[in-house]
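Below: the structure, in structure tokens.
The values are calculated or read from the model by the stated rules, or taken from the named source; none is laboratory data. Owing to the predicted nature of the structure, the values given are computational and were not obtained by experimental measurement. Positions of Cβ are generated from backbone atoms using ideal geometry, with glycine treated the same way; all protein chains shown enter the neighbour counts.
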């Protein structure tokens, strides 16, 4: 997907929900950011070992400017989920899970 396609998908999914508020007392409109590609780390269990795998996703929202939860979208636009980091500048962003659509991911923050 290209950034214009991502913006349009976000616009459609957020249209009637921009004022929805999550448990962190922010609205969906406040959480949305300019879409950009990021990598998140997925931790997999392989036998008795943990293995890290990078997943390229679109960043479409975040809890606040200091870090915390981030709303992500799969590269194909079919799933929205959450990732988390201790600080915004932290390059180690951990995948939390997929939550379906944009609003579901936002409300799960």
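Before moving on, here are some points about what is shown:
- Comparison of 82, 78, 55, 9 shows that the only residue that is within 17 Å of residue 108 (Cα to Cα) and at pLDDT 90 or above is 82.
- Verdict on residue 41 being more than 15 Å from residue 107 (Cβ to Cβ) and either exposed (fewer than 15 other Cβ atoms within 10 Å of the Cβ) or in contact with a strand residue (DSSP E or B) (Cβ under 9 Å, 6 or more places away or on another chain) (or both): yes
- From the options 41, 10, residue that is within 14 Å of residue 73 (Cβ to Cβ) and within 13 Å of the chain's Cα centre (by Cα): 10
- Test: residue in segment 21-34 that is closer than 18 Å to residue 92 by Cα and in contact with a strand residue (DSSP E or B) (Cβ under 6 Å, 6 or more places away or on another chain): no
- Looking only at segment 1-27, and only at residues there that are in contact (Cβ under 8 Å) with a residue 40 or more places away in the chain and exposed (fewer than 14 other Cβ atoms within 10 Å of the Cβ), the one that is farthest from residue 70 (Cα to Cα): 5
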